[in-house]
Structure formats: C-alpha cells, structure tokens
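A short write-up of the structure that comes next.
Each value in this text was obtained by applying a stated rule to the coordinates, not by laboratory testing. From a predicted model like this one, the values you see are computed outputs, not experimental measurements. Methodologically, a virtual Cβ is constructed for each residue, glycine included, from the backbone with ideal geometry; neighbour enumeration extends over all protein chains shown.
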Amino acid sequence: MASVRLEHVGIPATTDNFDEVVSFYCENFGWTVIRDLEGPPRINFISDGSGGRLEVYVADGPAMAHPSHLAFAVPVAEYDALRDRLVEAGVAFDVDTTNPAGDKLGFFNDPAGNRAQIVGRIAALPD
C-alpha cells in the first residue's frame, strides 16, 4: 500500500475576509503564501515551512466550528509569548486551560470564524 500523508487542511473564508484570514496566519504565526490562485474560487495555500499547510478558500458555507478545530503547537516555553502576541492582534481567547499532560491550551476563532487552538506542548507529539 502507498504511503499516504496529510498534505493540507482547507478552511473557508468569505470574499470580504479572505485577505484578513491569510494575513492573520502569516503575520501572527510567520507562515507564508506558497500558492495564490485567483480562481474562482480564490485560493491561497499557506505554509509553516515545516510541512504544515492550510488552504484558505472562498466559500459561502459556514466556518469550521467547535468541536472541530485547527491546532497550532509551540514548545510550552513559547506559549505565553504567542498567546500575548495574539491578544495584542485582537484575538479573544474563550478557553484557557492546561491538560492532564501539562500542555497549555487556548481556543479562539480566526477572522473567518474558524475554530482554532494554540498548544504549548511539554513534549511534541511523536511522528
């Protein structure tokens, strides 16, 4: 059987907030646009430079909602700085907690309303 890997996750945006969503991930997480398709529908692939990718696309449907979510991880020592940067950028966290493993978790919605989470991991998940 062929080896199958997750290439990207697609998240919706509207025509009105598309650029804001792409900018949100690029400016706050340091991601970059690796492909810009004018469409229709308009699509941007953005990358973390380490294999993580999102496809942001224009759609009329609903945003990714709870309990589904995107999760973005950093070492636990970097969590507070990332959270503070996001708060300064206008992100409203509605859940802040620590899981039984000691990882810090914060949940919020991106500019399109897609549910997202930052995770400060004590130890990275294994491959």
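Some notes on this structure:
- Sparse packing (at most 10 other Cβ atoms within 10 Å of the Cβ) combined with a DSSP loop state is found for the following trypsin sites (Lys or Arg not before Pro) in the range 1-64: 5.
- Each principal axis of the Cα atoms in the chain has its own extent, and those three values, largest first, are 44, 44, 25 angstrom.
- Packing-based ranking, highest mean first, of 104-116, 66-78 given that Cβ atoms within 10 Å are counted: 104-116, 66-78
- Share antiparallel - DSSP beta bridges, the chain, percent rounded to 5: 65 percent
- The calculated FRET efficiency for residue 85 paired with residue 6, based on their beta-carbon distance and R0 = 41 Å, is about 0.95.
- Compared with the dominant principal axis of the Cα atoms in the chain, helix 18-29 is inclined by about 30°.
- Listed residues 21, 95, 56, most fluctuating in the chain (Gaussian network, C-alpha, under 10 Å): 95
- Ranked 82, 54, criterion: other C-beta atoms within 10 Å, fewest first: 82, 54
- Computed 3J(HN,Hα) for the range 40-45, one whole-Hz value per residue from the Karplus formula 6.51 cos²θ - 1.76 cosθ + 1.60 where θ = phi - 60°, is x, x, 5, 9, 10, 9, glycine and proline marked x.
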